[in-house]
1. Going down the list LYS3/LYS182; LYS3/LYS49; LYS65/LYS182; LYS60/LYS96; LYS96/LYS175, which pairs span over 21 Å between their C-alpha atoms?
2. Anyone know which of ILE18, ILE52, ILE85 comes out most mobile in the 10 Å Cα GNM of the chain?
3. Using only the alpha carbons of the chain, what is the convex hull's orientation-averaged projected area in square nanometres?
4. Compare THR70, THR2 by solvent-accessible area with a 1.4 Å probe and give them largest first, with all protein chains kept in place.
5. Under 13 Å from the Cβ of ILE31, count the other residues' Cβ atoms, weight Lys and Arg +1, Asp and Glu -1, and hand me the total.
6. Share of the chain's accessible area from carbon and sulfur, percent, 1.4 Å?
7. Helix-only estimate, please: 222 nm mean residue ellipticity of the chain, summing -39500 (n - 2.57) across DSSP H runs of length 4 or more and dividing by its residues, to the nearest 500.
8. Using a Gaussian network for the chain with springs between C-alpha atoms less than 10 Å apart, which of these wobbles most: GLU82, GLU163, GLU71?
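The values are calculated or read from the model by the stated rules, or taken from the named source; none is laboratory data. Treat the numbers as computed from the prediction; the structure is a model and nothing was measured. We place every Cβ from the backbone using ideal geometry, glycine too, and count neighbours over all the protein chains shown. Surface areas here come from the heavy atoms of the whole protein model, side chains and all, with no ligands, DNA or RNA. Shrake-Rupley method; radii C 1.70, N 1.55, O 1.52, S 1.80 Å.
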Amino acid sequence: TTKIAVFASGSGSNFQAIQEAIDRGELDAQIEIVLTDKPNAPIVKRAEKFNIPVFSFIAKHYESKEAYETEIVNILEEHEVEWVILAGYMRLIGSKLLASYANRIVNIHPSLLPSFPGKDAIGQALAHGVKITGVTVHFVDEGMDTGPILSQAAVEVVEGDREATEARIHAAEHKLYTTTLKKLFADEINLIH
Ligand code: GAR
């Protein structure tokens with residue numbers, strides 16, 4: 001069983017999809033801790049519902065990224081976390097965390113990277129008028145949504161309907177994250193770059 005931490009800043013639907021896959025026996029992992037930089041985000045209540053401990057922090061209460069990431073690394077090590085899973089964590093990972101969890105941090109992003117990195121990728125894609133968009137799971141490096149790609153799924157835009165397009169993208173994320181993590185933990189992904 002792989003010990004993971006989920007980092008999130010928002011609603012936590014990807015967190016819940018991962019936890020439900022674990023509960024169904026589809027993913028041999030355990031979420032040891034949920035970490036958030038937004039103490040009032042819906043993810044906190046969701047995690048509590050599943051009895052998963054939450055660590056919340058407020059970045060501006062620390063003097064630097066290095067300072068709060070040092071605390072994060074201590075917490076991850078206390079919980080013997082092996083992999084860090086970003087699920088709507090809207091903050092760049094710094095050198096401290098990257099060094100401690102080299103090639104052990106993954107992210108999901110709601111576009112076909114390298115198109116539309118950063119915030120509101122779905123809005124960016126719709127504004128651009130693409131007909132096909134999608135979701136990407138990738139390793140995290142120091143850039144914004146730039147690390148090596150592990151998996152992608154395409155999603156057709158529903159013309160003129162942002163809500164329906166978003167629903168498709170989120171459904172694709174919930175499937176792709178679990179199947180990708182399963183392969184990753186089983187060492188079944190080959191990165192060819
Ligand atoms: C997801 O769509 C995720 O791909 C995105 O935030 C959303 C979080 O939803 N992440 C990024 O945009 C990262 N650049 P959730 O809180 O319901 O899982």
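1. On the way: LYS3/LYS182 13 Å; LYS3/LYS49 19 Å; LYS65/LYS182 31 Å; LYS60/LYS96 17 Å; LYS96/LYS175 31 Å.
In this structure, LYS65/LYS182; LYS96/LYS175 exceed 21 Å between Cα atoms.
2. Looking only at ILE18, ILE52, ILE85, the largest GNM fluctuation is found for ILE52.
3. 10.8
4. On the way: THR70 50, THR2 20 Å².
Sorted by accessible area, descending: THR70, THR2.
5. Working: positive: LYS3, ARG46, LYS49; negative: GLU20, ASP23, ASP28, GLU32, GLU48, GLU80, GLU82.
Net charge in that neighbourhood comes out at -4.
6. Values: 4820 of 9820 Å².
It is 49 percent, rounded to a whole number.
7. Working: 6 runs with 71 residues, N = 193.
Helices in the chain give a 222 nm mean residue ellipticity of -11500 deg cm²/dmol.
8. Its mean-square fluctuation being the largest, the pick is GLU163.
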